[in-house]
Amino acid sequence: MKNCPQCGQPRLGEAFKCPSCDVFYSQLDELLYAEQQKQESQTLKGTLKRIRAAEDRSQALRAALKTLWLNTPLKTKIVIWTLIAFVFVLVVPVF
Ligand SMILES: [Zn+2]
């Protein structure tokens, strides 16, 4: 559909929704939009965007880190812990 089903305004570029009424131009656009959101939520850029848009940023950041940690494979976790332990051992004698 080239026009908004609600207000009839012509579609702007590749937008999925009408900017003035927040209505999808067609059902296909709705599906494409959902797919894009899903893909974006799995990227770092999408996560950062979500954190920035959130009302409670620190809570959003914590939730994002939790999700990231849950999605991190065990091997990577072991490597991270080893690195932290290594840095700790190096730094502690300085104090
Ligand atoms: Zn409209």
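From the residues in region 1-36 that are surrounded by 13 or more Cβ atoms within 10 Å (Cβ to Cβ) and assigned to a helix (DSSP H, G or I), which one is nearest to the ligand (Cβ to nearest atom)?
Restricting to residues being surrounded by 13 or more Cβ atoms within 10 Å (Cβ to Cβ) and assigned to a helix (DSSP H, G or I), the top hit is ASP29.
Are any of the residues in region 39-51 surrounded by 10 or more Cβ atoms within 10 Å (Cβ to Cβ), in contact with a Leu (Cβ under 9 Å, 6 or more places away or on another chain), of a type in the set (Ser, Thr, Tyr) and at pLDDT below 90?
yes
Please go through (1) assigned to a helix (DSSP H, G or I); (2) more than 10 Å from the chain's Cα centre (by Cα) for ARG50 and return the number of the only condition it doesn't satisfy.
So ARG50 meets the others, but not (2).
Within region 53-95, work out how many residues are more than 22 Å from the chain's Cα centre (by Cα) and aliphatic (A, V, I, L, M).
Of all residues in region 53-95, those more than 22 Å from the chain's Cα centre (by Cα) come to 74-75, 78-95.
Filter once more, keeping what is aliphatic (A, V, I, L, M): 74, 78-80, 83-85, 87, 89-92, 94.
So the count comes out to 13.
List the pairs whose first member sits in region 1-23 and is within 19 Å of GLN37 (Cβ to Cβ) and of a type outside the set (Lys, Arg), whose second member is part of a loop (DSSP other than H, G, I, E, B) and more than 10 Å from the ligand (Cβ to nearest atom), and whose Cβ atoms are under 7 Å apart, counting only residues at least 6 apart or on separate chains?
Hits for this filter: PRO19/LEU12.
Can you confirm whether region 75-85 contains a residue that is in contact (Cβ under 8 Å) with a residue 12 or more places away in the chain and of a type in the set (Ser, Thr, Tyr)? Can you show your working first?
As a first pass, look at region 75-85 and keep what is in contact (Cβ under 8 Å) with a residue 12 or more places away in the chain: none.
No, region 75-85 has no match at all.
The values are calculated or read from the model by the stated rules, or taken from the named source; none is laboratory data. Quick caveat: nothing in here was measured; it's all calculated off a predicted structure. Every residue, glycine as well, gets a Cβ built from its backbone with ideal geometry; the counts of neighbours run over all protein chains shown.
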